[in-house]
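Have a look at the structure below, then the notes.
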Amino acid sequence: MKRPLLIVESPTKVKTIQNYLGKDYQVMATVGHIRDLPEKEMGVDIENGFKPTYITIPGKKNVISALKKAAEDATDIYLAPDPDREGEAIAWHTAQILKKAGRNFHRVLFHELTKKAILEAIQRPLEIDRNKFEAQQARRILDRLVGYQISPLLWKKVRGGLSAGRVQSVAVRMICEREREIQAFIPKEYWTITALLHGSLPPSFQAKLLKKNGKKLTIPDEATALAIVDELKAASFVLEDIVRKTTKRKPQPPYITSKLQQEAIRKLHFSAKKTMQIAQQLYEGVELEGGQPVGLITYMRTDSIRIAAEAAEEAIGFIHQTYGKDFTTGKPRYYANKNKVQDAHEAIRPTSIWNTPEKVKPFLNADQLALYTLIWKRFAASQMADALIDTLTLSIAAAEYSLSASGSSVRFPGFMVLYQSVEDEKEDAEASGLEKLPDLKQGEPLALEQLDPVQHFTQPPPRYSEASLVKALEENGIGRPSTYAAILSTIRDKGYVELVKGYFVPSELGFLVNDLIVASFPDVFDVEFTARMESDLDRIEAAELEAQTILERFYERLSQSLHQADQQMTSVKGQGVATDIDCPLCKSRKLHIKMGKNGHFLACSGYPECRFTSDYTRDEKGVIRMVDRPAPEVSDRSCERCGAPMVQRNGKFGPFLACSAYPKCKHTVSLQQQEGNGRDTGVACPQAGCDGHLVQRTSKRGKTFYGCTRYPQCTYAIWDRPVPQSCPNCSAPFLVEKTTKARGTRLVCPACGFEEEFLKNSPDGTNRALPG
């Protein structure tokens, strides 16, 4: 009898698992999904109960052939893709492909890649969870219904190549609505008054004016502020009350996915996508001392704060030994999950508390170490003693007015010796200063040294950063922890938003598409409606709801809106979006915002009778401002075709020379092409005996390619951008980046075909990242 076959999702797990199982098992990988809905059609039979049509994913035939060959004589096949909905779908489709009479399939869930966890999972196999698969399939169908029916509307009404996504478009809507809040915001003036006082003992201290006659005081303008200053100068100041407190501060629970992403963004300046990629590497296994791969953290896609009892006990033992008895809780500290949390996985924690950051440092790169340290410290701190914070508040009376001075200091640091969240650090920075307050007695008079009235203005709501958008998505129930990184990447890749100085700003295209689809599909892209859909998917997984019911209910709304949108959605193709700006050239028509190959611009709505165009910007209120376009620089060259002077311009492929007689003569010459070698890729030329390296170049037709610096001696060239990253499958020295509209961007080995970082940007906006 042939050895049992264990199938995982990612090829980088194979070595780690094979090391623990030895020769008793074959271990192979599907390299992500092997079957999916077709790319060039919706693949959902709406009239036949939303029945999906699955096909083999292009490029996966060799993977499937290898799996079938390995499974030839195997009677037991263990399906071990990631323990989430996507992993369940991979397990389901793998079982369908390998189905054979007399063959048994077992579902095993690896929540951490340690020997103990792997052996226990195999000894206690499960059945494939049909409900979890149904939830994944329902989500996939919902995305298809939106993407493959609304996207063609955008192609028809706006331009080709655009797409709408059920969840991603809601994120864009949130960003657009926040931007319009900022644009509509009108600052309001207000003042604060701070008094510098001293008592019988030094030092002097500051107190803030808070109330008048026991009610919160608002100071709207300078005149009011100066009048209050005059009253305070004439008043007697008395220390009315002293309140001393010692409060406990409890540690935060271990990370869930969204909280890990938020803190990695804030503390490490990682993107959400980068955070998940590195966490995947730590989960799948790192070679430690002796060359043995070890999974360092538990599964990184989770919204549960549950932890295993043995992990908590281990942490308490470590804390007692390392920090002493005072820093331990004495017994495990457990945290309660909120309602509607999927509790299949633990929180994100180290697989062993004894693998300290210092111990594993020699085996991790800088980014891996930084993220592991964050995870390790947060978990260890969760099992440490509370911190004790002393606070002192001085309440001061001055005639009808009340002032307050406060400060805090740490009596016992507890868990804070190891870790503080961003929120804790901010709170401490705002409340510190207890040691700066004098030791005074209640009822004693205070002397006024100085009064400082300060003008302020209210601030608009902040734009979303990556961290705050993840938090908002989580709080609103949009998407799931495993999808946040993909959402943030997709909305940028599609050009709907830009990340400016760390904050999301809608592009003109983002505003345009958002306004059109929200007006035509108010329910489909409503925040609350989308959150209910996510909740319904959870109910399908919990066997509380039939997928068919959800799909029928959703499509009833969608189909009604689709018919209406086809008739009523504003078509901006060609005519553009109307503005209220008069054309400065013909003075009889309005300017419209139009979209060209190089971006948006203003053009007269009277084209072709009036050919006025202009670049534009928007001010902080969103008002359009025309930008004077500088006259093109005349070169010292003449047109080879007509003899007119050539002028320098910038286009999609960089700077070029164009005939000044345009449009009569359309001759152009690329300047990039003449500059010789372009940007260095950092990849050595693979041609045998060549010591050159590959640089970016532009062909005569303006297409980018990558060629050797030793040309014409070496003629090696490729169309795909080379990336200086070796193939984890065959160790080829570099990968290439392939991008298509249908499949998005992924890294591919030119030698063996291995794919890494696969991002499938189909019209429904669905992404599935393959770990590296």
Integer Hz, Karplus 6.51/-1.76/1.60 couplings in order for segment 498-515, x for Gly and Pro
10, 9, 10, 6, x, 10, 7, 10, x, 7, 4, 5, x, 4, 4, 5, 4, 4
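Using R₀ = 41 Å, calculate the FRET efficiency as 1/(1 + (r/R₀)^6) where r is the Cβ-Cβ separation of Ala543 and Asp326; round to 0.05.
For R0 = 41 Å, the calculated efficiency reads 0.30.
Using the Kirkwood radius over C-alpha pairs as Rh, can you work out the diffusion coefficient of segment 577-626 via Stokes-Einstein at 37 °C, viscosity 0.692 mPa s, in µm² per second? Could you put the intermediate results ahead of the total?
On the way: Rh = 11.0 Å.
It diffuses with D of about 298 µm²/s by this estimate.
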Approximate spin-label separation Glu400-Thr53, in nm, with each point projected 7 Å along Cα-to-Cβ:
8.0 nm
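At a Förster radius of 41 Å, what calculated FRET efficiency corresponds to the Cβ-Cβ distance of Lys156 and Glu127, to the nearest 0.05? Each step should come with its number before you reach the end.
Numbers: r = 46 Å, r/R0 = 1.12.
About 0.35, to the nearest 0.05.
Measuring with a 1.4 Å probe in the full set of protein chains, what accessible area per residue, in whole Å², belongs to segment 693-757?
Values: 3560 Å² over 65 residues.
Value for segment 693-757: 55 Å² per residue.
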Options (1) 216; (2) 240; (3) 182 for volume of the Cα convex hull per residue in Å³; the value derived from the coordinates is listed as (2)
Modelled label reach - Phe185, point 7 Å along Cα→Cβ, segment 460-487 residues with backbone N closer than 20 Å:
460-473
Cα principal axis extents for segment 257-385, largest first, Å:
40, 35, 26
Kindly work out what percent of the DSSP beta bridges joining two residues of segment 396-521 are antiparallel, to the nearest 5.
90 percent
Would you please classify the overall shape of segment 5-128 from the alpha carbon gyration tensor, given that a ≥ b ≥ c denote the square roots of the eigenvalues, rounded means a/c under 1.5, and beyond that prolate means a/b larger than b/c while oblate covers the rest?
prolate
Long-range amide H contacts for Tyr78: which residues qualify at under 5 Å (H placed 1.01 Å from N, peptide plane, sequence gap of 5 or more or a different chain)?
Leu5, Leu6, Ile7, His106
Between Asn104 and Thr740, 0.36 nm times their residue separation minus their Cα-Cα distance comes to what?
225.1 nm
Just to be sure I understand the model, the point goes 7 Å from the Cα along the line to the Cβ. What's the resulting Asp230 to Ala336 distance in nm?
5.7 nm
Per-residue accessible area, 1.4 Å probe, largest first, puts Lys273, Lys703 in the order Lys703, Lys273
Quick one: accessible surface of Leu226, probe radius 1.4 Å, all protein chains present, in square angstrom to the nearest 10.
80 Å²
Using 7 Å Cα-to-Cβ label points, what is the Ser535/Lys212 separation (nm, one decimal)?
4.6 nm
Sequence-distant lysines (8 or more away, or on other chains) whose Cα lies within less than 25 Å of Lys471:
Lys250, Lys259, Lys267, Lys273, Lys274, Lys338, Lys340, Lys377, Lys426, Lys494, Lys501, Lys760
Normalized C-alpha radius of gyration of segment 693-757, against 2.2 N^0.38 Å?
1.19
Listed residues Lys156, Lys233, Lys267 arranged by accessible area, highest first, probe 1.4 Å:
Lys233, Lys156, Lys267
When the accessible area of segment 577-626 is split by element with a 1.4 Å probe, what percent falls to carbon and sulfur?
51 percent
Output ³J(HN,Hα) for segment 114-131: one whole-Hz value per residue in order, computed from phi by the Karplus curve 6.51 cos²θ - 1.76 cosθ + 1.60 with θ = phi - 60°, and x for Gly and Pro.
10, 4, 4, 5, 5, 5, 5, 5, 6, 6, 10, x, 10, 8, 4, 7, 4, 5
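FRET efficiency for Ser726 and Glu72, Cβ-Cβ distance as r, R0 = 35 Å, nearest 0.05?
Here the calculated transfer efficiency is 0.65.
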On the first, second and third principal axes, largest extent first, how far apart are the outermost C-alpha atoms of segment 65-143 in Å?
38, 30, 20
Just the accessible area for Glu633, please: 1.4 Å probe, Å², rounded to the nearest 10?
120 Å²
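Of the GluC sites (Glu not before Pro) in segment 543-619, which ones lie in a loop per DSSP and count no more than 10 other C-beta atoms within 10 Å? Walk me through the numbers on the way to the answer.
Working: sites: Glu544, Glu546, Glu552, Glu556, Glu609; in loops: Glu544, Glu546, Glu609.
Passing both the DSSP loop test and the Cβ count: Glu544, Glu609.
The values are calculated or read from the model by the stated rules, or taken from the named source; none is laboratory data. Remember, predicted model here, so these are calculated numbers, not experimental data. Backbone-built Cβ (ideal geometry, glycine too); neighbour counts: all protein chains shown. Just the protein is used for accessible areas: all its heavy atoms, side chains included, with ligands, DNA and RNA removed. Shrake-Rupley method; radii C 1.70, N 1.55, O 1.52, S 1.80 Å.
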